[in-house]
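Data first, discussion second: the structure below is written as structure tokens.
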Amino acid sequence: MRLIDTHAHLDDRRYAPDRDLVIARAAAESIGIVTVGADLSSSEAAVRLAHKNAGVWCSVGVHPHDAKTLDREGFARLATLAAEDRVVAIGEIGLDYYRDLSPRDVQRRVFIEQLALARERNLPVILHNRDATEDYLKILNEVKLPAGGVVHSFLGDVALARRFLKLGLYLGIGGPVTYPANDVLRQAVAAVPLERIVLETDCPYLTPVPHRGKRNEPAYVSLVAEEVARVRGISVNEVARQTTEGASALFRLAAPPEAPSPGGRSPRPSRGQE
């Protein structure tokens, strides 16, 4: 059974003592990983990790929390990183009106600029949204995304899920689907087409049950797959097959990962017209 964790933060300092072992545990379970940038520093680290480890790909981008830090020089650096051959997406990008760590007008401008970079590079996007749905959807409706994208850490109901699906987006489902209080999310997971769902951990955050409260890691994406299977009343192998095919199509991976191992290389992802 192959799985892809479409959203990890392997550069996080919490992995400093055992990062190679974390990647090895995922490799042992035939789990491929997309490690995600959230600012220039973490994007650079994501690229290094993807070049070092087979079965690890990466995205580059600036999270809305850090939008205020992205100046012209920084954007040029981001564009250079986006051309690296292990980069399969632009992200994590979007809007966050919950914490408001960057001014909202700056968040919107930087979001639009990075969407334009994704179009220029013909790359999909990894999208962050918190308490900003209407502005978020307005921008996404105005800025067409020929390469598509994924709504990271989708936590909404069936109606919101369908609004995103109409834009051609995938839904990223992670550890919260296992939390007892999230019946509304489970209803959405049961209702939407499985081929539009991809799995993620957002590790080291959002650890699934039964490890909630501990550090998350890519190997735990199998627990997300098990819960999605239970909710939908199908086998975990079918969830693995369809979500891996969806992730491979979205990120244009050359093939579903074959039991990756740290330190090796894997095939370069195809980028269509690039």
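The values are calculated or read from the model by the stated rules, or taken from the named source; none is laboratory data. Keep in mind that what you see is a predicted model, and the values were worked out from it rather than measured. Cβ coordinates were reconstructed from backbone atoms using ideal geometry, including for glycine residues, and neighbour counts include every protein chain displayed.
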Between a residue in the range 12-37 that is more than 23 Å from ALA82 (Cα to Cα) and of a type in the set (S, T, N, Q) and any residue that is modelled with pLDDT of 95 or more and assigned to a helix (DSSP H, G or I), which pairs come within a Cβ distance under 9 Å, given they are 6 or more apart or on different chains? none
With criteria (1) part of a loop (DSSP other than H, G, I, E, B); (2) within 23 Å of VAL224 (Cβ to Cβ); (3) modelled with pLDDT of 95 or more, MET1 comes up short on (3)
Give VAL56, VAL36 a once-over and let me know the one that is under 14 Å from the mean Cα position of the chain (by Cα) and either under 24 Å from TYR136 (Cβ atoms) or of a type in the set (Gly, Ala, Ser) (or both). VAL36
Based on this model, can you work out whether GLY175 counts as without any contact (Cβ under 8 Å) to a residue 24 or more places away in the chain and within 18 Å of the chain's Cα centre (by Cα)? no
Which one of these is acidic (Asp, Glu), modelled with pLDDT of 95 or more and closer than 24 Å to ALA159 by Cα: GLU200, GLU217? GLU200
Which numbered condition trips up PRO262, out of (1) at pLDDT 95 or above; (2) more than 14 Å from VAL150 (Cβ to Cβ); (3) not basic (Lys, Arg)? (1)
Over the range 89-119, the set of residues within 17 Å of THR133 (Cα to Cα) and part of a helix (DSSP H, G or I) is ARG104, ASP105, VAL106, GLN107, ARG108, ARG109, VAL110, PHE111, ILE112, LEU115
Among the numbered criteria (1) in contact with a strand residue (DSSP E or B) (Cβ under 6 Å, 6 or more places away or on another chain); (2) surrounded by fewer than 19 Cβ atoms within 10 Å (Cβ to Cβ); (3) aliphatic (A, V, I, L, M), which single criterion is violated by ALA24? (1)
Looking at (1) crowded, with 21+ Cβ neighbours inside 10 Å; (2) in contact with a strand residue (DSSP E or B) (Cβ under 7 Å, 6 or more places away or on another chain), which is the only condition ALA67 fails? (2)
From (1) surrounded by fewer than 23 Cβ atoms within 10 Å (Cβ to Cβ); (2) under 23 Å from SER248 (Cβ atoms); (3) in contact with a Ser or Thr (Cβ under 8 Å, 6 or more places away or on another chain), pick out the condition that doesn't hold for ASP39. (2)
Does the range 54-75 contain any residue that is touching a Leu at 6+ places or on another chain (Cβ under 6 Å), more than 23 Å from LEU169 (Cα to Cα), of a type outside the set (A, V, I, L, M, F, W, C) and free of Cβ contacts under 8 Å to residues at least 60 places away in the same chain? yes
(1) among the hydrophobic types (A, V, I, L, M, F, W, C); (2) under 16 Å from ASP202 (Cα atoms); (3) surrounded by fewer than 24 Cβ atoms within 10 Å (Cβ to Cβ) all hold for ILE173 apart from (3)
Inside the range 155-170, can you point out the residues that are buried (at least 23 other Cβ atoms within 10 Å of the Cβ) and under 14 Å from the mean Cα position of the chain (by Cα)? TYR170
Hey, can you tell me all the residues within the range 129-154 that are touching a residue at least 40 places away in the same chain (Cβ under 8 Å) and within 15 Å of the chain's Cα centre (by Cα)? ALA147, GLY148, GLY149, VAL150, HIS152, SER153
Please give the number of the condition THR80 fails out of (1) part of a strand (DSSP E or B); (2) surrounded by fewer than 23 Cβ atoms within 10 Å (Cβ to Cβ); (3) of a type in the set (Val, Ile, Thr). (1)
Going through the range 86-127 one residue at a time, which ones are surrounded by fewer than 16 Cβ atoms within 10 Å (Cβ to Cβ) and touching a strand residue (DSSP E or B) at 6+ places or on another chain (Cβ under 6 Å)? TYR98
